[in-house]
Amino acid sequence: MKKEEVKRWMPVAMFAVVLATMIGDIGIRLGVWATREPTYPFSQMLPLFYGVMPVLTIWTFKFTHGRFGLYMITNTILDIFFNFFLLAYFLPSRGIVDFNMSPFSALLVTLLHAAVIYGYQMWQDDVLLKTESRTKYNLQPAATKPFRDKSKNDERD
């Protein structure tokens, strides 16, 4: 992937990680899941949030941005694998995580997560467009505007 593309999708990937961390923390506090085999220094968080998630988010947005239906279908496929295989079967069978939530309920949470981060990216794109229009019309805060030429002011006085 090109450097420019990584820069474009990195904010949404970081937002996805922060949001997943918050969801994970809420799940731990509510007893929805518990980590039995922690990974140092993330004693309760799955390393998946900090490794695979940003990479998958960047690649998913690269190929599906601007097509919400395709984005949600792609996320549904990835989330079904994550919830039904990884969280409900693989990690508990290895004694890593206790998962006390139905995979269908978890699927709803992960699909809501996907919709929120897509909305965040749409907001980011809108902000970027507004920034371009500001520079087009040379709209700047007063602190960044150049000083008036002092010699012209002295001639007027």
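The values are calculated or read from the model by the stated rules, or taken from the named source; none is laboratory data. None of the values given here were measured: they were computed from a predicted structure. Cβ placement follows ideal geometry from the backbone for every residue including glycine, while neighbour counts extend to all protein chains displayed. Please note that ligands, DNA and RNA were not included when accessible areas were found on the heavy atoms of the full protein model with its side chains. Shrake-Rupley method; radii C 1.70, N 1.55, O 1.52, S 1.80 Å.
For segment 58-68, does any single residue satisfy the condition of being in a helix (DSSP H, G or I), more than 14 Å from the chain's Cα centre (by Cα) and modelled with pLDDT under 90?
No.
Condition check ((1) modelled with pLDDT of 60 or more; (2) among the hydroxyl-bearing types (Ser, Thr, Tyr); (3) assigned to a helix (DSSP H, G or I)) across all residues:
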residue: Tyr89; (1), (2), (3): yes, yes, yes
residue: Leu107; (1), (2), (3): yes, no, yes
residue: Ala115; (1), (2), (3): yes, no, yes
residue: Asp125; (1), (2), (3): yes, no, yes
residue: Leu129; (1), (2), (3): no, no, yes
Going by the structure shown, is Ile77 open to solvent by 90 Å² or more (accessible area, probe 1.4 Å), hydrophobic (A, V, I, L, M, F, W, C), at pLDDT 75 or above and within 22 Å of Met1 (Cβ to Cβ)? yes
Those residues of segment 54-67 which are under 12 Å from Ile117 (Cβ atoms) and open to solvent by 40 Å² or more (accessible area, probe 1.4 Å), in sequence order: Leu56, His65
Pick from Met53, Met101, Met72: which is of a type outside the set (D, E, K, R), part of a helix (DSSP H, G or I) and at pLDDT below 90? Met53
Restricting the search to segment 86-102, which residues are within 12 Å of Arg36 (Cα to Cα) and surrounded by fewer than 13 Cβ atoms within 10 Å (Cβ to Cβ)? Ser93, Arg94, Gly95
Any residue in segment 1-26 that is closer than 18 Å to Asn75 by Cβ sitting within a Cβ distance under 8 Å of a residue that is surrounded by 11 or more Cβ atoms within 10 Å (Cβ to Cβ) and among the basic types (Lys, Arg)? List the pairs, counting only those 6 or more apart or interchain. Trp9/Lys62
Can you pull out every residue in segment 104-121 that is open to solvent by 30 Å² or more (accessible area, probe 1.4 Å) and more than 15 Å from the chain's Cα centre (by Cα)? Phe104, Ser105, Leu108
Could you tell me whether any residue of segment 136-150 is open to solvent by less than 60 Å² (accessible area, probe 1.4 Å) and either modelled with pLDDT of 80 or more or out of contact with any Asp or Glu (no Cβ under 9 Å at 6 or more places or on another chain) (or both)? no
